[in-house]
Each structure stands twice: as C-alpha cells, then as structure tokens.
Amino acid sequence: MSIELVCPAGTPSALRAAVEAGAHSVYCGFRDETNARNFPGLNFSPDELVEGVRFAHAHGAKVLVAINTFAKAGAMDAWKAALANAETAGADAVILADLAVLDHAATHHPNLRLHLSVQAAAATPEAIAFYADTFGVKRIVMPRVLSVEEIAKLNAAINVETEAFVFGGLCPMTEGRCSLSSYATGKSPNLTGVCSPPEHVAYTEDKDGTATRLAGFTIDRFGAGEQAGYPTLCKGRFVAGGKTSYLFEDPVSLNAASLIAALAKAGVTALKIEGRQRGKGYVAEVVRTFRAAVEAIDAGRTEVEVGRLLAGLVEGGRQTSGAYKKAWR
Amino acid sequence: MAEHFRGELPRLLRLLAAPAGFLPLGPALTLAVRRFARRKPAVFDRLGEYGKCSFLIEPSDLDISFLMVPDGSRAEVKCLRRRASQTADVTVRGPLLVLLGLLDGTFDGDALFFNRAISVSGRTDALVALRNAIEDAELTPADFVGATGGLGRLVDRSVIGGLGLARRFTGSPIPGDPS
Ligand code: SF4
C-alpha cells in the first residue's frame, strides 16, 4: 500500500467525515483524561467507539485509539478501562506514551497493536529499540523536531514503522516535556490531556482590541481585524528585554504537504494530520486534499502537478514546514 | 462599542426582520430544542454539565437576541429585545447568517473566531463544549421544525440552498476562506 494517511476525529461525525474523505486510518480518544485532547464536548464514549470502528471497518479504514497521557500514580483505573474498551471495540491499534500503560497493555492485551505516541518523545534508535523490545511497539509517532535527513537516518537504524505529522497545529517543544501549561493553570497535556485548558481561557474586549488571558496571565492582545489564535502559552506575545515578541514560537501551523514524497522516500510509513479539535468540514477538506496528493505521488505524477493539488490547502494564519526542512534560528 | 462584522444583512432586510421581536419565537425554539433532545439525546450527553450554562446569541444585524439554556428536555430559549441588558455565561455575537452557518456545520467555529468573523466572551469552556456538541450533532434545518422523510429533505434542500445564496449576496466569509 502507499503511504498511510492517519486523520483526526474529535467526534463520531468527524470520524465518518474523515473516512468518507479518504482517510486510511482515523485516530480518536475517549472522553476523559486518558487522551491528550481532553477538551469539553469532544471525544468518544465506549459505545460511540464501537460504532465508529464498525463504520470505519465497513469502509476499509482503520481506527487508532489515543490513550496517550501519563497515568496518575496509584490511580490507573481510567487508563486500564480505556485499553479494555479499545480492545472490545475492535480498535486496530492504541497509541500510548506512559511506561505503566504500555506495560499493562503488553501484559493484559497482547493482541492490541501498540503505537508509541509523540508524547513519549522517542527520537533515538536506542529509545525506540527499548520500546520495541520491551513492549512490542510496532510504530513510533515521531517528535516534530527531526529533519527529513534525520528521519531517513533514524529509519535505517530501527525496525519499527514511523509516522510523521504533516499538517495542523504545532507543539514547538519536545512533546511530553513541556511544563508551560502546568505552570500557569496546574493542568497539562501530559497529565490532564489538555494544554491551556479552556476553563482558564478568557477573552476580554476593550477599546484597544481583545486581550487573551490564561489563568489570569495576559498572554496576548489583538487589535481589531488582527488574526487571533488558540491561547497556548508557547504562542503568546511577551515583553522581554524591553521588546515585545513571540518569545517561544511564532503562531504558525505545520504544513509539510510539499514534503510528502521526501518523507515517503525517507522510509516513513504513515503521515499524520493534527486537528481532533477542528470541525468535520475542515477535516474532510484536508483529508481529501492529502489523499489526492498521496495518490498522485503513487501514480508518478510530477511535483508541479502534486503542488497544484495542494495549493488550496491553507489553514489560516501562517504556515511552516517545521523542523523537516532544518531552519532553526 | 458597536462592532461591525463581515456578512451582515442589508438594512432593508433588517427592517423587515424587526417585527420578529414580537413573534412567540422563544416558545417555538424552546419546543424545537426539546424535541431535538428527545430524538438525539447523545448530543446533550456530550454537553454534560455545560447544558446548564446560559448562552446569549446576539445576531449583530438584528435588534433581537436569544438566551438559551440547552439542558436537554428542560432546555429553554428566550427571545429578547436587544436593549434588554442580559448577562449570560457565554455571549456569542456575529451576523445572523454566519451564526446559522455555525449551527449547520457550514463554518468551523475556530476559524470564524480566529478570523474575527464572530466575537465571543464569557466561559470559554462552555462555549467549546457547545461548539463540539453542535459539531457532532449534524443538525439540519429539518431538525428544528421536526420534519422527517421526504418533507425533511425538502426543508433541508430549500433552507440550505437559500442560506448559501444569502451568504453569497451579503458577502459572508466563505467556508474555509482564511481571510
Ligand atoms: S505550551 Fe505549546 S509547546 Fe507546550 S504543550 Fe502547550 S502547545 Fe505544546
């Protein structure tokens, strides 16, 4: 098969939209702190997952279940239940990050295929071999800090599949190791499944525009008509050394669409689209475009023709090819 | 502060819509939401505790606004004259056609907010929950009037077609348009 497209589904209707738009696989999570997109109103109940898997399989697509937060010491029941529910639903794989959850899955659910979440931040042959040998992990979702050349080298040194993010929101820190949200709100993607949780977010309008506050900290201010963004701390504007700037990272989103062929050549098995919190219309549009591009590459069409297919794909705001084309300041 | 948004209704249509403030819109919408809650309870499970929050929906191009508490079979919608100063857990403001597009999934709520086609204030978590529940609901115009089968399809086709035309006419943001 050609390169696999792994697409986001925050709700059952987004799952159906992604499958109908041509996703080879869909990833989703349960409605609790076991997955790293634990936003209010999002995600699946165990029954909805059963129905979603049935729908995806009937259309020839797979379902990967993200159980990718770090379990609480002495309170692992939610993670154990999530693994059992994923297996009962017939999920094709689970995406895990925590050692205890990986161990529990390998011991008690030997038939579940294990993928290593980007949250585990495994980027060296040694780390990857540890997860593969110890728990039987079959695929690694790679941290978004590697260049295409580094991915090619890594793939030559490991014997598991790799999956690379190609489109959507971007975590500029090494995943799983960022404490900005914990510092400001006491909640983090690693433990509670959400960065900069919405109950801590407030937008206030005044004569100068809109101020964005996270847990009482003003992290940005937008003039009328200026593009805003979801207020994750890493993309806030701060004053340091007398200068106002995006201190950690510009508010850009990832678009590595032009690198699909290069990533395939570097040995990547699957391409991942970010956006479980995005609407089904958006998901369907992005999936349809990427599917057409993947097929055009398979059919040996030229780079110009593939580029034309992808030209309409803009997420709003500014985009970057991230670390794939090495350009760190 | 008077805000103006892209895609507002022309003045003539606003004047024509003015008498809507005197119609029993609130009770009719309350019935529609409760009927919908009976047919698709999963949507309200998704909202969870946020179903008890109040949402003030203010079409920026009309003189009326709607106060909604989407609490399943106890849901309530009130139609208010704009001048009534009302507080709510969440306020969403924007052109009527854009707000309707949020309901039927034509528009992505995130994109609209980030592009400033709508403005929101209040409890962001409640708004995120409502948006996600609506997003999954696959609401159609027929759901609101309780029409099913062939009649439902007819209602959907005419209302969605009509809204599409109206959006083009008023210059509403185009779905997926980042500008
Ligand atoms: S603050 Fe930024 S880098 Fe850190 S977890 Fe949140 S999105 Fe990722």
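For each pair in A:Lys72/A:Lys272; A:Lys243/A:Lys280; A:Lys153/A:Lys272; A:Lys62/B:Lys52, compute the distance between the two Cα atoms and list the pairs where it is over 30 Å. If you can, show how the numbers build up before the last one.
Values: A:Lys72/A:Lys272 27 Å; A:Lys243/A:Lys280 39 Å; A:Lys153/A:Lys272 20 Å; A:Lys62/B:Lys52 36 Å.
Checking Cα-Cα distances, A:Lys243/A:Lys280; A:Lys62/B:Lys52 exceed 30 Å.
Would you compute, from DSSP H runs of 4+ residues alone, the mean residue ellipticity of chain A at 222 nm, taking -39500 (n - 2.57) per run and dividing by the full residue count, rounded to the nearest 500?
Working: 10 runs with 105 residues, N = 329.
The helix-only estimate for chain A comes to -9500 deg cm²/dmol at 222 nm.
Calculate the tail of P(r) for the range A:154-301: the fraction of all Cα-Cα distances greater than 28 Å, expressed in %.
On the way: 3802 of 10878 pairs.
Within the range A:154-301, distances greater than 28 Å cover 35 percent of Cα pairs.
Please work out the Cα center distance from the range A:73-148 to the range A:14-65, rounded to the nearest Å.
First find each Cα centre; the distance between them is then 17 Å.
Please sort A:5-15, A:158-168, A:201-211 by packing, taking for each peptide the average over its residues of neighbouring beta carbons within 10 angstrom, highest first. Numbers along the way, then the final one.
Details: A:5-15: 26.5, A:158-168: 21.4, A:201-211: 14.5.
My ranking of the peptides, most packed first, is A:5-15, A:158-168, A:201-211.
Inside 10 Å of the C-beta atoms of B:118-130, what's the mean count of C-beta atoms belonging to other chains? Mind showing how you got there, number by number?
On the way: counts 0, 3, 3, 5, 2, 5, 13, 9, 4, 5, 10, 5, 2.
Rounded to a whole number, the mean comes out at 5.
What distance in nm lies between label points placed 7 Å from Cα along the C-beta direction at A:Val239 and A:Ser182?
So the label points at A:Val239 and A:Ser182 sit 3.0 nm apart.
Can you sort B:Tyr50, A:Tyr246 from fewest to most other Cβ atoms within 10 Å of each residue's own Cβ?
Values: B:Tyr50 24, A:Tyr246 14.
Lowest to highest Cβ neighbour count: A:Tyr246, B:Tyr50.
Using alpha carbons only, how many angstrom separate the centre of the range A:247-312 from the centre of the range A:159-185?
Centre-to-centre (Cα) distance: 18 Å.
At 24 angstrom or more along the helix axis (alpha-carbon based) and mean Kyte-Doolittle of -0.5 or higher, what helices does chain A contain? Whole DSSP H runs only.
Numbers: long enough: A:280-298 (27 Å, 0.29).
Span-like helices in chain A: A:280-298.
How compact and how long is the range A:180-245, expressed as Rg and Dmax of its alpha-carbon atoms in Å?
Looking at the range A:180-245, its Cα Rg and Dmax stand at 12.4, 38 Å.
What's the ranking of A:141-153, A:114-126 by average number of surrounding C-beta atoms within 10 Å, highest first? If you can, show how the numbers build up before the last one.
Details: A:141-153: 19.3, A:114-126: 21.5.
Highest-to-lowest ranking by the protection proxy: A:114-126, A:141-153.
Could you work out the mean count of beta carbons from other protein chains within 10 Å of each residue's beta carbon in A:278-287? Walk me through the intermediate numbers first.
Working: counts 5, 14, 5, 9, 6, 1, 0, 3, 1, 0.
Per residue, the average neighbour count from other chains is 4.
Shielding by partners for A:34-44, please: the mean number of other protein chain Cβ atoms within 10 Å of each residue's Cβ.
Values: counts 0, 0, 0, 0, 0, 5, 16, 17, 8, 3, 2.
The mean count of partner-chain Cβ atoms within 10 Å per residue comes to 5.
Within 10 Å, count the other beta carbons around each residue, average over each peptide in A:25-31, A:127-133, A:73-79, A:192-198, and list them highest first.
Details: A:25-31: 26.1, A:127-133: 16.6, A:73-79: 12.3, A:192-198: 23.1.
Descending packing order for the listed peptides: A:25-31, A:192-198, A:127-133, A:73-79.
Need one number: nm distance between label points at B:Ala42 and A:Lys138, each 7 Å from Cα along Cα→Cβ, rounded to one decimal.
Between B:Ala42 and A:Lys138, the simple spin-label model gives 2.7 nm.
None of the figures in this text is laboratory data; all of them are computed from the coordinates on show. Note that the structure is a prediction, hence the values are computed from the model and not measured. Every residue, glycine among them, receives a Cβ derived from its backbone with ideal geometry; neighbour counts consider all protein chains shown.
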